[in-house]
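Please read through the structure below; I'll follow up with questions.
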Amino acid sequence: MEKMDMIFYRKLPTPKEVKEEFPITEEVEQLKERRDKAIRDIFEGRDSRMLLIIGPCSADHEDPVIDYISRLRKVQDQVSDKIVMIPRIYTNKPRTVGTGYKGMLHQPDPDKPADMLEGILAIRRLHARAASETGFTCADEMLYPENHRYLSDLLSYVAIGARSSEDQQHRLTAAGVGIPAGMKNPTGGDLTVMMNSIAAAQSGHTFLYRGWEVRSPGNPLAHAILRGYVDKYGRSHPNYHYEELNNVAAMYEDKKLKNPSVIVDTNHANSGKNYLEQIRIAKDVCHSRRESAEIRKLVKGFMIESYLEDGRQGEHEHIYGKSITDPCLGWEKTEKLILDLAGQWV
C-alpha cells in the first residue's frame, strides 16, 4: 500500500471558484487594461518613463500595506510624467531560511498558525483593495506557479525569484502569464542561467499546469532583474555597474531576445542587504543611463524595497509598517528618493 508522509488536510477552491465568488469590478478590469498597456509600452520602447516596482519585502498586514500604497499614490501623481509605479504586494514571501513566517498566503495573520484557505482569500482581498482604493494594479512574486491564477485578473507584473529562475515550471508558467515577468539572476550570479530563463519564458510551450495540458505562445515581456549575487564564501557582489549592464546588453543581442530590458533590484546582494544603499545604487544607475545610449535603452527601472518604517523588526515585535522579512527604506527616505529619481531620469 502506498505511503506518503503528507496529511491531505482539505481540498482548496480552484482559482475559477474564488474568482466567481469574489469577482473584480468592471472599473478594476478597465484599470488593469490601461495599466497593462502603459507598462507594456515601456518594455516595448514606446514610452521612456521609469518603471518603479516598489514596496515592502513581504506584505504582512493588510492595513499598513494599503496605508503605504495610498501614500505612493500621492507621489505617483506628482511624478507621472517621469515614473510609472507598480507597488510590490508580495503575498507569498517567507523569511529567507523558510522557517517561521511563510507569507500572507500561508499565514494571513503572522502571529497565528497557517491557514491557506483564509490566506487565498486574504491575498485576493488585499490586491483588489489596492486596485479599487488607490488605482494601482500591483506586482507579486511567483513563488508558487500554481497559485498565480488566484490573482491573475489583478496583477500587472510578476517576479521570478533568484532561487526559482532555474526551475522549469516557473519558466513555463512565466511564458503564459500575459504580463511582464522579471527573471532574477540566480544567487550564484551566473547570468547565462537568467538569460536561459528569459529565452524559455519568451518561447511557446505545451506543459502541465493545475491538472491541465496547457499551451502558451510565449511571453515577449519576460526580462532580466539584476539583484547581485553571493560567492562561495557568502560575500555579496553587485551586478548593477556600467560594465555589467553593457555585458547584459550584449547577452541579449547574442540570444536575439525580444524587448531587451533590465530592472535593477537595488537591495539583496546588490546592496549587501544594507537597505540604505538602495538610494546610492539607484542614482548610480541613473548616471550610467546618462552616459550610455545603449544602457539608457536597456534599463527600464528599479525594484526597491520600501515600507513605512526603516529597517526590519524582530520575530516577536509588533511595529506597524516595519518589515518582518528583509529591511526596507522607511517612508520619508522613500518619498525623497522617488522625487530625486524623477529629476535624474532621462
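Since every read-out is calculated from the coordinates, none of them should be taken as a lab result. These figures come from a predicted structure and were not determined experimentally. Glycine also receives a Cβ, built like all others from the backbone with ideal geometry; neighbour counts cover every protein chain displayed.
Could you give the distance between the Cα centres of segment 3-63 and segment 163-210, to the whole Å?
18 Å
Ok, one more. Given K11/K37; K258/K297; K93/K258; K11/K112, which pairs have Cα atoms separated by over 25 Å?
K11/K37; K93/K258
Moving to a separate point now. Looking at segment 15-344 only, what percent of DSSP beta bridges run antiparallel? Nearest 5 please. Can you show the working numbers first?
Details: 8 of 38 bridges.
DSSP beta bridges in segment 15-344 are roughly 20 percent antiparallel.
Over 26 Å between Cα atoms: which of K184/K232; K232/K283; K102/K322 fall into that group?
In this structure, K232/K283 exceed 26 Å between Cα atoms.
Separate question: At a Cα cut-off below 13 Å, give the aspartates and glutamates reachable from K74, other chains included and same-chain residues fewer than 8 away excluded.
Cα-Cα hits under 13 Å: E133, E335.
Sticking with this one: Can you sort I120, I279 so the residue with the fewest Cβ neighbours within 10 Å comes first?
Least crowded to most crowded, the residues run I279, I120.
Mark the label point 7 Å from the Cα of R34 along Cα→Cβ and return the residues of segment 131-170 whose backbone N is within less than 18 Å of it.
Residues passing the 18 Å test: 131-139, 154-157.
Out of the trypsin sites (Lys or Arg not before Pro) in segment 1-60, which ones are loop residues according to DSSP with at most 11 other C-beta atoms within 10 Å?
Sites meeting the loop and neighbour criteria: K3, R10, K11, R46.
Using +1 at the C-beta of Lys and Arg and -1 at the C-beta of Asp and Glu, which of P23, S216, Y90 has the Cα lying farthest in the positive direction of the dipole of the chain?
Of the candidates, S216 comes out farthest on the positive side.
Another question, if that's okay. According to the square roots a ≥ b ≥ c of the eigenvalues of the Cα gyration tensor, what is the shape class of the chain, taking rounded for a/c under 1.5, prolate for a/b larger than b/c otherwise, and oblate for the remainder?
rounded
On to the next question. What is the distance in Å between the Cα centroid of segment 108-145 and that of segment 280-340?
Cα centres, segment 108-145 to segment 280-340: 22 Å.
Let me ask you something else. Magnitude of the Cβ-charge dipole of segment 112-258, K/R +1 and D/E -1, about the Cα centre, nearest 20 debye?
160 debye
Now, a different point. Charges only on Cβ, +1 for Lys and Arg, -1 for Asp and Glu: so what's the dipole of the chain about the Cα centre, in debye to the nearest 20?
660 debye
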